Every structure is written in structure tokens, then in C-alpha cells.
Amino acid sequence: MVTTPESATPQPATPRWHELADHVLAGNQVSAADALAVLRAPDAQLMEVVAAASRLRFHHFGNKVKVNYLVNLKSGLCPEDCFYCSQRLNSTAGILRYTWLNTDEAVTAAKAGIAAGASRVCLVASGTGPSNREVGKVTDIIEAIKSDTPGVEVCACLGALKDGQAESLCASGADAYNHNLNTAESHYEEICTTHTYADREHTVSQAHGAGLSACSGFIAGMGESHEQLVELAFDLRAKEVDSIPVNFLLPFDGTPLEGVDTLNPRDCLRILAMVRFVAPDTEIRVAAGRERHLGNLQGIALYVANSLFLGDYLTSEGQPGAADLEMIADAGLEVLRMDTEVEGGRAGHPDSDDDNATTGPTPTGQDAATEPAVTAESAAGSKQNPVAIRTRGAGTSEPANA
């Protein structure tokens, strides 16, 4: 018999993560205390947490991964002051800045992602919100994309909407609208002063009310507490959004959050798992910042999340599109095709996401969540490296990374 020295510190009982998964699979909801416990799980229990969360992911979405592709229709020059965003007012980040792509340019950019396997194209434009004339530009682009590839989903991410604009987008064939909440209401004044959390909520409600699938997520790593992450996850669940893009802060030089780099790969897995427990049948998209913050654990993240962005983001580079597809295959997962639905889940629903990768620049979404490539040469020091700025694809003469 093995004896324990009297001086040894008693070890806490292992949390029953699979019992929590059973509870959710039985149709129950987790409590805020449960969600907080997931975020505070010790590293020694991390793989058990991931395994339990993955049961929910596979139950609702099978082994499919939804591939999304961002097209940045208008980059930079935003009057909002979102502290995380490279396209914000007075940003000195060396990003691409250009006005609206024309319809042919936008369709060409979209086709690059579709050819690589994307079943959803996310059309993003910086700014507080579009004019009616600008909405007309976007509806023309949507109609052209749908004419060229009828089966593809299109999500728009254009910022705050005026009355009737969501209806116009829906009538043109848009499937979804992305507008991230970005952080908890109790933390919002710490990341933006030119609009409010309530403003963002209103746009999410407008999209839903017009018949568009509502996509809304957040950026982790902006100084929020664990309690605030849980607060936000429960708010997103209450709003019944169809898609939750989870971004991890990219600390762009030239923004107020420059140098803020507090997340590690294990934190990111816990955050994704927490969201999966809170919203088990909602599409969860691992979005901007995944390369930098998840690093070699990106593939494991796909056992919790069921969606990602392919290639580059709005203003930063992503890893090569081919590497994304290889990562999916290496995990034993399959790309969700345009006409495929997963029985029992929302994989075939028109959910959305654009935001900074997951949506976009400006209040439109979270431009700041765009992420730099992690190569074999830079992996070891990627957390110290500046964010890699996108210099190819939309708005340039260089081929897209898809």
C-alpha cells in the first residue's frame, strides 16, 4: 500500500468534465460557475476539458470544418477609435489602406477562397456603418458572387446598419451579417469610446430581425477578466446568434493595445471550450490571432471549434491556405462543402462571421483579430514578433493567400 507523507499537500478532486458534457448533451445548460471553472481548469486537466467539449462539437457537427474566406472591400480610414483595431482613427499601423473594391475585383477575390474550399465568403468594409449607396455596392457584389457560385454563403460585415439596410442585404442574397460584440458590456468602455455595447447589440438585433443569420463573437486578450468572458458568452447565447467567431488579440503596433500579449495556447483552448459548453450547438469559429496564440495547438482547437478562416485576414497575414487545409486533414476532419448539412447541428445554417478575420476593421467587427503567419523559422519567437501585415490579395496586385 502506498502511503502519503503527512506533509504532502492534499490534491483537489478532478473536476468531472465529462459529467458536465453529459449534462449538456441531456439538454441542460451549464451555469456561470461551470463556465468559470472551465476557464480556471489547471493545465493537468486541459486535455480532459478538451475531450469533454469535443463530445459536444462532434455531436452537433460531426467531423466537418466550415471554411470561411474574408474579402476586405475597404481597408483603413475608419473614424471609430476601437483600441484593438489597426484601422482605427489615428492608427499608425502600416496596413493597406484603400477605398472600395469594384464588383469585378471583389468577385475575383471571393473566387480565390471558394476555389480553395471555402463555403462562405465574408465581405467586410471598415467604417462606422455604410451609406445606402455603399449598401448598393455590396448588394451588387453579393448578386455577382451568387450568380457565379450559387451554392456559396455570403456574410456581410459593414458596421452599424441604418433602417432598411439589413433588409436590402437579405433581398440581394446575403445569408448572414456579422457584427461582433467584441467584449463584455462591463468591459466595453475600456476598449472603445466612440460607440457603445448597446449600439452593437442593436445591429445584431437588426440583422436577426431582417431574416439574416446573426454572427457575433469577441476578441479575447484585451484585459478582460474570466468573469467577463463568461458574461459575454452567456449574452451571446441569450441573443441566439448562429455563429460565434472567437478572435485572439493581435497587438498591432500603432494602436493603444500595442504590446498587449497575455494569452498562451492553453488559455485559448480553455476559452474555446468554455464557449462550446455554453453554446454547444452554435458554430464556433476559431478566427484571427489563432496562429499567434494557439501556435502548434491549432489542430487541437478544431476538436472544439468547428469553423475557421482560410488564409489571410483583413489587415494581417494568416498561415498559408494550403497549411490550413493540411491541418484539417491531419486532425482527421473534413471540409464542409457548400451543399452539406450536418444532421442535428447548425453546420448548414447561414451563420456568419467576418469580424476581423472574423469580421473586420472598425466597429464593423474586429479588425484587430487578424493574425500573423507562424512559420517554422519564426514559431519559437512569434509572441515577440510584430504582427505580420497583409500585403497581398484584395486591394493589391499580388495573388491571394488561399
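Where a number appears in this text, it was derived from the coordinates with a stated rule and is not lab data. Note that the structure is a prediction, hence the values are computed from the model and not measured. Because the Cβ atoms are built from the backbone with ideal geometry, glycine has one as well, and the counts that use them run over all protein chains shown.
Taking 7 Å steps out from each Cα toward its Cβ at GLU240 and GLU258 produces label points 4.5 nm apart.
Across the stretch 44-95, the relative contact order, built from alpha-carbon pairs under 8 Å that are at least six residues apart, equals 18 percent. Across the stretch 57-381, the relative contact order, built from alpha-carbon pairs under 8 Å that are at least six residues apart, equals 28 percent. Database remark: amide H of ILE389 closer than 5 angstrom to the amide H of GLU317 (H placed geometrically; neighbours at sequence offset of 5 or more, or on other chains; Pro and chain starts carry no H). Annotation: for a label point projected 7 angstrom from Cα along Cα→Cβ of ASN296, residues of the stretch 263-281 with backbone N closer than 14 Å are 265-266. Amide H contacts under 5 Å for SER307: LYS66, ILE284, VAL286, restricted to partners 5 or more places along the chain or on a different chain, H placed in the peptide plane at 1.01 Å from N.
When peptides 157-169, 279-291, 300-312, 198-210 are ranked by their average number of other Cβ atoms within 10 Å per residue, the highest-first order is 279-291, 300-312, 157-169, 198-210. In loop segments of the stretch 192-245 as defined by DSSP, there are no chymotrypsin sites (Phe, Trp or Tyr not before Pro) with at most 10 further C-beta atoms inside 10 Å of their C-beta. The lysines whose alpha-carbon is closer than 17 Å to the alpha-carbon of LYS111, local same-chain residues fewer than 8 away aside, are LYS66, LYS146. Between ASN385 and GLU143, the FRET efficiency estimated from the beta carbon spacing at R0 = 60 angstrom works out to 0.90. Highest mean packing comes first when the peptides 18-28, 388-398 are listed by Cβ atoms within 10 Å, giving 388-398, 18-28. For the pair THR92 and ARG133, a Förster radius of 30 Å applied to the C-beta separation gives a FRET efficiency near 0.50, rounded to the nearest 0.05.
When the C-alpha to C-alpha distance is required to be over 27 Å, the pairs from LYS137/LYS162; LYS64/LYS162; LYS64/LYS239 that qualify are LYS64/LYS162. In order along the stretch 52-66, the Karplus-derived 3J(HN,Hα) couplings, from 6.51 cos²θ - 1.76 cosθ + 1.60 at θ = phi - 60°, round to 5, 5, 5, 4, 5, 4, 6, 4, 8, 10, x, 9, 8, 10, 7 Hz, and Gly and Pro are given as x.
Evaluate E = 1/(1 + (r/R0)^6) for GLU227 and HIS202, where r is the Cβ-Cβ distance and R0 equals 22 Å; express this FRET efficiency to the nearest 0.05. The computed FRET efficiency comes out at 0.35. Compared with the rule-of-thumb size 2.2 N^0.38 Å for a compact globular protein, the stretch 255-311 has a Cα radius of gyration ratio of 1.16.
In plain terms, the chain from ASN102 to THR396 could stretch by 104.6 nm, reckoned as 0.36 nm per residue minus the Cα-Cα distance. Proximity of backbone amide H atoms, modeled 1.01 Å from N, is registered between LEU70 and CYS122, LEU310 at under 5 Å, excluding neighbours fewer than 5 places apart on the same chain. Using the Karplus relation 6.51 cos²θ - 1.76 cosθ + 1.60 with θ = phi - 60°, the per-residue 3J(HN,Hα) values for the stretch 140-154 come to 4, 5, 4, 4, 5, 5, 5, 5, 6, 9, x, x, 7, 8, 10 Hz, with x marking Gly and Pro.
Scalar couplings 3J(HN,Hα) for the stretch 306-316, obtained by applying the Karplus form with A = 6.51, B = -1.76, C = 1.60 to θ = phi - 60°, are 10, 7, 8, 9, 8, x, 7, 9, 6, 10, 10 Hz; x denotes Gly and Pro. When both the stretch 184-215 and the stretch 11-64 are represented by their alpha-carbon centers, they are found 28 Å apart. List residues of the stretch 225-259, by number, whose backbone nitrogen lies under 19 Å from a label position 7 Å along Cα→C-beta of SER186. Inside the label zone: 225-239. Entry for the stretch 57-381 at q = 0.08, 0.10, 0.12 Å⁻¹: log10 I(q)/I(0) = -0.29, -0.46, -0.68, Debye formula applied to identical alpha-carbon scatterers, no solvent contribution.
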